[in-house]
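These notes are about the structure you will find just below.
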Amino acid sequence: MNSVVFTIVLFLLSLAWYLSFSATRLDRCHHRVETSWEHLDALLQRRAALALEIARLSDIDPATQMILTSSAYQSRGANIGDREDAETSLSESLKFLHKSALSNEISIEVSFIDELAALTDKIRTAIAIHLEAISAVKNLRNKLVFRFFHLAGRAKWPEKYHFEDDEL
């Protein structure tokens, strides 16, 4: 009788440890999504600031300057619901500006172009890291043990934004 009770207690302790370990793992994955989003958001804010700096200091035509300034301010001030359109708009404006600068239609300092290219590479990397973190959370939360024992609690499913698919 004692060995049966010991086995049951050992099984329950093992199950409790496994569930605690799994919940902690999921929590770490959710934290990774949050920190990757914060890093990506900081880079996107820096890109908007750089766009404003380019618009202010470059010799570009007023229409392009107005479009670039408008999309940069929208990107900086948009709430999370409107952020997708604002970031897509800024990406399109910067791509147009970059193509115009390469074809010598617009005169922009080389340092701005280099900084924008470096920042774009960082944003691409940050997006890849963020999307990988989202995928890890979704994979964990779709497992039976996480669904059955409600290990995610009331945590929201991580969101993937449409601008993350944009070609930068």
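The values are calculated or read from the model by the stated rules, or taken from the named source; none is laboratory data. Predicted model only: the values in this text are computed from it and were never measured. Neighbour counts run over all protein chains shown; Cβ positions are idealised from the backbone, glycine included. The protein model used for the area step is the full one, side chains on, heavy atoms only, and it has no ligands, DNA or RNA in it. Shrake-Rupley method; radii C 1.70, N 1.55, O 1.52, S 1.80 Å.
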Mean Kyte hydropathy of -0.5 or more with a Cα span along the axis of at least 18 Å, helices from DSSP in the chain: 2-57, 62-77, 110-141
From the Cα trace of the chain, what convex hull volume per residue do you get, rounded to a whole Å³? 106
Cα-centred dipole magnitude for the chain, charges only on beta-carbon of K, R (+1) and D, E (-1), debye, nearest 20: 1260
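What number of lysine-lysine pairs in the chain show an alpha-carbon separation below 22 angstrom, given a sequence spacing of 8 or more or placement on distinct chains?
Pairs that pass both the separation and distance tests number 7.
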Order by accessible surface, 1.4 Å probe, largest leading, for residues Leu116, Leu131 comes to Leu131, Leu116
Please list Ser89, Ser100 from largest to smallest accessible area, probe radius 1.4 Å, with all protein chains kept in place. Ser89, Ser100
Stretch gain in nm, segment Met66-Lys99, where the contour uses 0.36 nm per residue and the Cα spacing is subtracted: 10.2 nm
Under the helix-only model (-39500 (n - 2.57) for each DSSP H run of 4 or more, divided by the residues of the chain), the mean residue ellipticity at 222 nm, to 500 deg cm²/dmol, is -27500 deg cm²/dmol
What's the longest bit of the chain with no exposed trypsin sites (Lys or Arg not before Pro), using DSSP loop states and at most 11 other Cβ atoms within 10 Å as the test? 1-153
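Net charge near Ala101: determine it from the other residues with C-beta under 14 Å of the C-beta of Ala101, scoring Lys and Arg +1 and Asp and Glu -1. Provide the component values of the computation, followed by the final result.
Numbers: positive: Lys95, Lys99; negative: Asp59, Asp61, Glu105, Glu109, Asp114, Glu115.
Neighbour charge sum, excluding Ala101 itself: -4.
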Simple spin-label model, 7 Å along Cα-to-Cβ: Ile8 to Glu38 in nm? 4.6
Counting other Cβ atoms within 10 Å of each Cβ, which chymotrypsin sites (Phe, Trp or Tyr not before Pro) in region 120-168 have at most 15 and sit in a DSSP loop? Phe149
Semi-axes of the equivalent ellipsoid for region 1-83, please: Cα gyration tensor eigenvalues, times 5, square-rooted, ordered largest first, whole Å. 58, 10, 5
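Largest first and in whole Å, give the semi-axes of region 91-168's equivalent ellipsoid, each being the square root of 5 times a Cα gyration tensor eigenvalue.
41, 10, 8
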